1. By the scheme Lys and Arg +1, Asp and Glu -1, what is the net charge of all other residues having a beta-carbon under 12 Å from that of residue 177?
2. Mind listing the phi-derived Karplus ³J(HN,Hα) values for segment 159-169, rounded to whole Hz, using 6.51, -1.76 and 1.60 with θ = phi - 60°, and x for any glycine or proline?
3. Output needed for segment 99-152: three equivalent-ellipsoid semi-axes, defined as square roots of 5 times the C-alpha gyration tensor eigenvalues, in descending order, whole Å.
4. What is the sum of charges, Lys and Arg at +1 and Asp and Glu at -1, for the other residues whose Cβ falls under 15 Å from the Cβ of residue 84?
5. As an exercise, take the mean of 1/r over every pair of distinct alpha carbons in segment 108-231, invert it, and state the Kirkwood radius in angstroms.
6. Return the Rg/Rh ratio of segment 36-149 with Cα-based radii and a Kirkwood Rh.
7. When the dipole is taken about the Cα centre of segment 9-226, and only Lys, Arg (+1) and Asp, Glu (-1) are charged at their Cβ, what size is it in debye, to the nearest 20?
8. For a distance above 32 Å, tell me the whole-number percent of Cα pairs in segment 9-226 that qualify.
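We did not get these values from a lab; they are worked out from the coordinates using the rules stated. Bear in mind the structure is a predicted one, so any value in this text is a computation, not a measurement. Heads up, the Cβs are rebuilt from the backbone with ideal geometry, glycines too, and the neighbour counts pull from every protein chain shown.
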Amino acid sequence: MRQHPEDNPALGWRGIRMGLDRTALLRTQLRAMLRAAEGAELRVMIPMVSEPGEIIAARAILAREIELNQRRGTAGPSRVHFGIMIEVPSLLFDLEAVLPLVDFASVGSNDLLQYFFASDRANAKVAGRFDVLSPSFLRALSQVTSAGRKLGVPIALCGEIGGRPLEAMALIGAGFRTLSMAPASIGPVKTMILGLHAKRAEAAVAELVGKGGSSIRDGLAAFAAGESIEI
């Protein structure tokens, strides 16, 4: 499908926005997933969600494709899990309405960070201006994991920050227990986790976030040193 260039594609027509405007395209993608996952569990995750109505509409389209599969007698997945990426800040203010609509969610930290600080991650002049370990951002992440625990919805984190030991420690302190990372990052992060007491990390992060400032990086590094954790 040909698409004209957008002035600001990061805030433009992509993800579920395009899918709901071009439902034939979305249905084709879902149909392919259902066929490819024959006999196995399928996890469908929708990106760029901004409000509950998009989730409801996407789930209805998925349900229709599952029903069509069954009518045709086509073998499909043994079970389908429906999830969303949390990367648009509007969802942070609507978690109680959003999370009951899904089976799982993953925080898209790269996009959420740039939208959170209005800082284009592709712009060298501002990309490094704000620290991912800022109290405000960690407070927002903790809000998501707290809502997930309360509502029984598993919350993971997707993004390169999960592959750095100090940042991974902060994420564990913010309540995450599932992180994505490049294969090369597994060893260093695993070494850090083996020496970490999660509850103490949660207490340390909560205390440091409560102190405010622009970043908890130095305070968290001091905590790690005090715990003899290799970062």
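1. Values: positive: 149; negative: 202.
Net of charged neighbours comes to 0.
2. So the J values, rounded to whole Hz, are x, 5, 5, x, x, 10, x, 5, 5, 4, 4.
3. 26, 12, 6
4. -3
5. When all Cα pairs of segment 108-231 are included, the Kirkwood radius is 14.7 Å.
6. Values: Rg = 17.2 Å, Rh = 15.9 Å.
With Rh from the inverse mean 1/r over Cα pairs, Rg/Rh is 1.08.
7. In total the dipole reaches around 360 debye.
8. Values: 5834 of 23653 pairs.
Tail fraction, whole percent: 25.
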